[in-house]
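Below you'll find the structure, written out as structure tokens, and then a few comments.
Computed from the coordinates by the stated procedures, all read-outs in this text should not be read as laboratory data. All figures in this text were calculated on a predicted structure; none of them were measured in a lab. Note: ideal-geometry Cβ built from the backbone for every residue, glycine included; neighbour counts use all protein chains shown.
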Amino acid sequence: MVFVLSHCAASDTASQLALAGQAKDSLTEYFRMIKQRLDYQRWFFGHYHMNYIINEKEVCLYNQIVCVKDNNSIDYQKEMFWP
């Protein structure tokens, strides 16, 4: 499994978080390009100080600990994430 860990999200992902004013800069645009080209299972980022599951592949973490197990399954407390 391929996991991406970064401080911020890709610009298109950040814009989904209603953070459009913060969404685009050279780094987040670069991450957008990587996101389009990379076959990944999960992308974790935390810059936005919230726990939020964007979709099945992108997760914003703040005060949450994620455990990646030997079989590449992910264990986290879903109740800590916003709906």
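A few comments on the model shown:
- Annotation: peptides 2-13, 26-37, 44-55, ranked by per-residue average of other Cβ atoms within 10 Å with the highest first, follow the order 2-13, 44-55, 26-37.
- Rounded FRET efficiency, nearest 0.05, which uses the C-beta distance separating residue 2 from residue 27 and R0 of 25 Å: 0.80
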